[in-house]
Structure formats: C-alpha cells, structure tokens
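The values are calculated or read from the model by the stated rules, or taken from the named source; none is laboratory data. Just so it is clear, the model here is predicted, and its values are computed rather than measured. Glycine gets a Cβ as well: all are built from the backbone with ideal geometry, and neighbour counts include every protein chain shown. The protein model used for the area step is the full one, side chains on, heavy atoms only, and it has no ligands, DNA or RNA in it. Shrake-Rupley method; radii C 1.70, N 1.55, O 1.52, S 1.80 Å.
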Amino acid sequence: MHLTLTHLCKSYGSVMAVQEVNLSIQTGEFISLLGPSGCGKTTILRMIAGFEQPTGGTISLAGQDITRIPANRRNMGMVFQSYSLFPHMTAADNIAFGLHLRKQNKGQQRQRVDEMLELVGLGTMGDRYPHQLSGGQQQRVALARALAFSPQVLLLDEPLSALDAKVRVQLRNEIRRIQQQLGITTLFVTHDQEEALCISDRVVVMSQGRIEQEGTPEAIYLTPHTAFTASFIGATNQIPGLWLEEKVQVDTHPQTSLADEFLLTQPTELAAGSRVVVLIRPESITVLSREAIAPQHTNLMSGLITSRTFLGSTVRLSVLVGEFYLNVDVPTDQAEQFASGQLVQLSFPPDQCRVLAIDPLTQVVSQSAVERVAETTENSL
Amino acid sequence: MTRQMPHQGTVPQQGWSWLWLTLGSLYFVIPLLATVDFSLRAKKDELGFTAYANIFNDPKFFESFTFSALTGVAAIALSMLLIVPTAYWVQLRLPRLRPVIELITLLPFVVPAVVLVFGLIRTYSTTLLNNRSGGWILLTAAYVILSFPYMYRAVDTGMRAVNVQTLTEAAQSLGANWGTIIWRVIFPNLRVALLNGAFITFAIVMGEFTIAALLAQPAFGPYMNLLASSKVYEPSALAVVSFALTWGAIGIAQILGRGKR
C-alpha cells in the first residue's frame, strides 16, 4: 500500500470536517475524491499535503507515518484550484524552483525543465511569464512544476474548475495521459462527477466528512450503495415503497399503476415489511405508448408527460406517476412521438432497479441495511 | 440615427470642477513659485543660483544630507524586515489580528514626534544614549516607527494583490522552508509595494526635524532649520532642493510602479 489514511479526523471547533476516514491507495493509482462543497474532500487533501494538521488518525506514505512531517519535507507535488504560479518567474523558472531547492545543477535543471515543458505540451513557452499564459497553460505549467522533482504522490485540488468547459475536457485527458505515462500515485479532488468518472481508477464519494462509497467508476455509477451516491452521481429517480421479498409495493397511487408491485432481481437480506426506496436511472426506464406494450415489459406503470427538456443526445421527460414526478431519458431521435400532456406507460426493468432500506426512525437510508445490501450484491457478483 | 443628449448639469459641474482644481493648484503652486523666485534673488537686481551655489559649497550640507540619507536607508531596511514578516503572518495565519496591527501602525499619526522623542530620551538616557552611536540608533528606531503607517499599508496592499496563501503553499509543496518562501517568493512579489513604502519613508526622513534636533543628531532637518536662522536666501533654496528630493523620490516610486509586478 502506498498512501494510507487511518481513522483520519479533522474538526474546526465543534464542526467535524472529516470523520473517521480510512482509505488505502495503491502505487500508481488514480483516485478521485468526489463530493459536494463542504464535504471534507479538500480538507483531506490538505492534510495529506501537510497544510492542515489532523485532529485524529494517521497518514502513512510507503509505510512511514508522515502525519507530523512538515509540508516542505513530504515530497508531494500539488496543483491548486487557483492559479499558483509565482508571478515574478517565467514558466521555466517556476518549473525549476523545486529542482533548485533540491540542489540540482543548472544543466540537470534545464534538461528536466525542457522535458516537463514537452510533457505538458508547452515546449516553446518556457520564457513566458504567468500573465502571458492562458488559464489552461498556467495549469499545465503548474502540473509540470508539481511533477518536475519526481514527487511520490501528486495531489490535484480541483485544478480544472477555473477553466472553461472545452479546455477542461482537454486538460483532464492530458492529466490522465501524463499520470499513466509516469505511473505516479495521484489524488484528485473534484465536485464534478463527470471528471471523476472519466479519469479515475477509483472514485471515493464523500458527504458530510465521511466516505459514502468507494469503488471503480462503473461500480459507483451502476451500483450505488446509498441514496446520496445514487443522487449525486448522475440523475436518479427514487420511489419509496414496502419490501415484500423479491418485490416492492411502491407508494404510487394504485389507480394510475398497472402494477403497483415491483419485481426486483437484486438479492437482499431485508426483512419483509421494511420501508425501502427503489432507485432507477432516467435512461433505464422505457417509455411506451399503450399499443407498444409487449410481454417482456415488466413493472409497468402509467403516467402523464408534464414537460420535455432537450439535452442534446437525449430528451428528458418529466412524467407524473401517482404523486411522484419521474425523470425519463429518451434518445432524441425517438422522442418525437412523446409530447407534453400525453399518457404513457413506463417499464422499469427489474435488473436496473436498486433497492435500499430506509431507517424507520430517521426516514433516511439506513447505513447498516445499505452495507448488507452491498455485501450481498458483491457476493453475488 | 439618434444623437445622445448630454447629461443635464454636466457642463456646469465640469466648470465647477475646473474652478476648484485651479484654485487648489494655485494654493500650492503660488507659494512654491514665490519660494523659487525668492531663492534666485540672492544678488541684487539679478536672478541667479548664488544661494544654491552657497548651499552646495557648504560641507555641512553634504554631511547632513549623507547622514540623513544613510539613516533613511537603515530605517527603510529595518522597517521592511519588521513589517514584511509581520504583514505576511497576519495575512496567512492571523487575519483576525489585522485591525490591531493596523491600529498600532497608525500610532505615529496619533503620538506627536516630540512626545515620542521625549519618551525615548527618558527611557534610554542612562543606557543607549551614553554610547557614542546610541543617538543614531535611537534616531533610526524612531524613523522606523514613523515609517509604520506608510510601509505597513503599502506591504499589506501588495500582499492582498497576490494570493499569498496559495503561493506559500505552492512553495511549501515544492520543498521551500519559511526563509526561502519569504525571500524568494513573497519579497519579489512585493517589489512595487516595498518601493512605494521605501520612497515615502525616505522623503519623510530627509525632512524630519523634531526627533533629530532633540536627539542632537547632525541630520538634514536641523541643518535646514539652522540655515533658516542665519541666512536669508539659502533657506528658500534649500526648501526647493528638499521639495525636489521629495517629489523625485515619489516620482521614482511611481515610475517603478508602472513596471511589471
């Protein structure tokens, strides 16, 4: 294990910013900490970098406890959210800064600076000052500077958030390419789920200072363990109901449903009669006109289209089912047949539905039940 | 095509602006021109630079000028060494202390120079002032205090213009210790702010009289005063020279300030 966080905590007065975080990162792995603002992801990164002292727990790098080691002796490269190049130095001087501090001779410094400039695609811009570079170019130089002295870990604190959308996509692909080329252990903080899913080996979803779920981007997206993960990663419909062993009696109005019971293929250890929530992605629901219903369509419910939103490759329909509005995504080329005010049938494929237990006291998704569901799911895979 | 009508009242307002500007300028320029004119009349019925020549030929002029200039440079250096780390730490770690530090730096505006110097004399009369260079050390220290409002404000403004926290953390992550960060990252980015503070401090030191006179130091201020009590035209010439020095210092600060950060 390369980088390990054990029972890591950080509090500011009575506010717990990070609570009991345990995380292990393998050498060469690209991990994203993903979550909304204030979830503690940047605080974790800053504790790893040495800018914040944990109030509890330890941070280990290659087996060595580095919790109390000052930031300047941790040998970690970092790229910041705001532009952090030294304004009085050229791009080349910025990149050479860490090398100079490590007493490399001028020739070695020049050679390494050239290599780094080539690596980030700015071969001819070494003599430019930061104010002569665009935002994307500045972040490339910052990346080159963070990598120049061959750090053990690369820390990226939302380095793309200040850039426009096109440059962001371009640079995130560059970051992934460079990370794979150098094989450097990387921790990337972002609140952008698309960014995290695109470039990570593993995604750690955080909420309120805790890890909600960690796993591959596919696992996070397809098998969310908590309602928070399901709603934060992509759009999700949440339908409450009652667990009746292999099926859920949903809470929609009975008169609007052809079947008010959902068949599910997901194995769980939930007790019959538990309150649950059924999670399903908008793109997983099939919209049908009444004539198009076929035997393979299960879990059918009827609903009324209340609005259509064009999203480019898809059209999002808002469908009123009983007392609930559900989002349904339809490919744009098939969306013409559906209009606002139209009555339609919705089919919910059993294998696309996830069921999570709701704590009867708090009415939120029960963690223990979620873990049981997760374990059962993992065992069955 | 439509023509935009001028805003009602713009013309009369502009007229008033020009009137007040002209009156204000005359208030400053007329005495200055009168001083210049008077300084050129050392010889009867003839305009010339005799008074200026008398000053520049006086060895005490250069002695006092050099003394004040060196004291000014020492005060600026000490002030920078004191103010920059303080302002840096306040900005980085103790932002809640900013109002307190600002109040402290404003004290020279509240405590008159004569009170300051009597305090210094009473405190150090039996210790530092018994030494040969004790007076000069106290004078320099007093000038450091006088420079606080200008130096702190200039440095604080300069630090707010750059993202001190991110630059510090970036340097730390690259392996820099505190000394390297302040010397190689913070100081160079405060160049303009420091020059501004330095030149204003220099201008103040060159014209300061009260502290230097009461500490019995051979500074430029007391020399000007001495000259005023014994000569007629030379004090005016010296006032013009002093004025030129002050404006020259401020002008240099402005020119350097236009360069890149």
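A Gaussian network model of chain A, with springs between Cα atoms under 10 Å, assigns the largest mean-square fluctuation among A:Phe97, A:Phe188, A:Phe30 to A:Phe97. Among the residues of B:174-181, the average count of other protein chain beta-carbon atoms within 10 Å of the residue beta-carbon is 6. Counting Lys and Arg as +1 and Asp and Glu as -1 over every other residue whose Cβ lies under 14 Å from the Cβ of B:Arg153, the net charge comes to 0. Note on chain A: with neighbouring protein chains present and a 1.4 Å probe, carbon and sulfur make up 49 percent of its accessible heavy-atom surface. Partner lysines whose Cα lies under 29 Å from the Cα of A:Lys10, excluding those fewer than 8 positions away in the same chain, are identified as A:Lys41.
Rounded if a/c is under 1.5, else prolate if a/b beats b/c, else oblate: with a ≥ b ≥ c from the C-alpha gyration tensor eigenvalues square-rooted, which is segment A:1-66? Oblate.
Take the Cβ-Cβ distance between A:Gln238 and A:Ser82 as r, set R0 to 41 Å, and report the resulting FRET efficiency rounded to the nearest 0.05.
FRET efficiency, A:Gln238 to A:Ser82: 0.65.
Computed with a 1.4 Å probe over protein heavy atoms only, the accessible area of B:Glu63 comes to about 120 Å².
Cross-link reach is defined here as a Cα-Cα straight distance under 23 Å, omitting same-chain residues fewer than 8 places apart; for B:Lys60 the lysines meeting it are B:Lys43, B:Lys231. The local environment of A:Thr185, defined by Cβ-Cβ distances under 15 Å, has a net charge of +1 under the rule Lys, Arg +1 and Asp, Glu -1.
Using a Debye calculation, one point per C-alpha and no hydration shell, please list log10 I(q)/I(0) for the protein assembly as shown at q = 0.06, 0.07, 0.08 Å⁻¹ in order. Those come out to -0.57, -0.71, -0.82, one per q. A Förster radius of 56 Å combined with the Cβ-Cβ distance from A:Glu283 to B:Phe49 puts the calculated FRET efficiency at roughly 0.05. Between B:Gln13 and A:Ser150, what is the label-point separation in nm under the 7 Å Cα-to-beta-carbon projection? Here the answer is 6.7 nm between the modelled labels.
From other protein chains only, count the Cβ atoms within 10 Å of every residue's Cβ in A:82-90, then give the mean.
Details: counts 5, 4, 9, 3, 10, 9, 10, 4, 0.
What the average comes to for A:82-90 is 6.
FRET efficiency for the pair B:Arg96 and A:Arg275, taken as 1/(1 + (r/R0)^6) with r the Cβ-Cβ distance and R0 = 41 Å, rounds to 0.30. Using a 1.4 angstrom probe on protein heavy atoms only, the contact between B and A buries about 1900 square angstrom of accessible area, both sides summed. Can you give the helix-only mean residue ellipticity at 222 nm for the protein assembly as shown, where every DSSP H stretch with n ≥ 4 adds -39500 (n - 2.57) and the sum goes over all residues, rounded to the nearest 500 deg cm²/dmol? Per the formula, -14500 deg cm²/dmol. Based on the alpha-carbon gyration tensor of chain B and its eigenvalue square roots a ≥ b ≥ c, which shape applies: rounded if a/c is under 1.5, prolate if not and a/b is larger than b/c, or oblate? Oblate is the answer for chain B, as a/c is 1.5 or above yet b/c matches or exceeds a/b. Below 8 Å between Cα atoms, with a sequence gap of 6+, how large is the relative contact order for chain B in percent? So the answer I get is 28 percent.
Taking every residue in B:162-171, how many Cβ atoms of other protein chains lie within 10 Å of its Cβ, on average?
6
For the pair A:Gln337 and A:Gln132 in one chain, pulling the backbone fully straight at 0.36 nm per residue adds 68.5 nm over the alpha carbon distance.
Per residue, segment B:60-260 exposes 48 Å² of accessible surface when a 1.4 Å probe is rolled over the protein heavy atoms with every protein chain present. Other residues with beta-carbon under 9 Å from the beta-carbon of A:Thr43 carry, at +1 per Lys or Arg and -1 per Asp or Glu, a net charge of +2. Here the simple spin-label model places points 7 Å from the Cα toward Cβ, and for A:Val15 and A:Gln296 these points are separated by 5.3 nm.
Of all trypsin sites (Lys or Arg not before Pro) in segment A:3-76, which ones are in loop regions per DSSP and have a Cβ with at most 10 other Cβ atoms within 10 Å? Mind dumping the intermediate values first?
Numbers: sites: A:Lys10, A:Lys41, A:Arg46, A:Arg68, A:Arg73, A:Arg74; in loops: A:Arg68, A:Arg74.
Passing sites in segment A:3-76 are A:Arg68.
Using 0.36 nm per residue and subtracting the Cα-Cα separation, the extra length available between B:Phe56 and B:Asn225 on full extension is 59.2 nm.
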